[in-house]
């Protein structure tokens, strides 16, 4: 993996072996040209309970092959799921939870399809330095506005069980993060 300003912090976290493993597996797949980190790992403010947000960049013309091989990116996941969302040409998301309770959200993305913009901060972890140049760029504020708009337009899952499960997982992870942070703060005093 490449160097970036937040790498030393990331190396100190429990998620590091998982991130390294995903990067290694991306490098082994011919249908993928690289891997980009977004979110807290790219910003350099990840903590012990941060999830890992990634974009696996598809080689030109190989989206279907890359999507078919997506499960190879996760090593022995505890759980894997795909959010129900409107299909977009050139990007699909899947999420997995590792046995170490690390949540990874990964978009398989063809930047030439024009369905995914890229905002700072991001880090090219695997692939050529110019990998990010394949994406249209937007400002972080523009990205935040688009996310807000998508949330307003998003249809609830058709299956009530899926909705309840998603809320349960989000709530449990939130409670776990709070408990761990309380424990870390008590030890620091």
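The values are calculated or read from the model by the stated rules, or taken from the named source; none is laboratory data. Every value quoted in this text rests on a predicted model; they were computed, and no experiment measured them. Neighbour counts run over all protein chains shown; Cβ positions are idealised from the backbone, glycine included.
Data overview
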item	result
Single condition residue 41 does not satisfy, out of (1) assigned to a strand (DSSP E or B); (2) at pLDDT 95 or above	(1)
Considering residues of the stretch 100-116 that are part of a loop (DSSP other than H, G, I, E, B) and in contact (Cβ under 8 Å) with a residue 40 or more places away in the chain only, the residue surrounded by the fewest Cβ atoms within 10 Å (Cβ to Cβ)	100
Candidate set from the stretch 141-189 (those that are within 30 Å of residue 112 (Cβ to Cβ) and loosely packed, with under 11 Cβ neighbours inside 10 Å); member that is modelled with the highest pLDDT	141
Within the stretch 119-138, considering residues that are outside any helix (DSSP H, G or I) and closer than 20 Å to residue 31 by Cβ, the one farthest from the chain's Cα centre (by Cα)	128
Condition met for residue 57 (surrounded by 16 or more Cβ atoms within 10 Å (Cβ to Cβ) and assigned to a helix (DSSP H, G or I))	no
Members of the stretch 1-35 that are in contact with a strand residue (DSSP E or B) (Cβ under 7 Å, 6 or more places away or on another chain), closer than 19 Å to residue 101 by Cα and outside any helix (DSSP H, G or I)	15
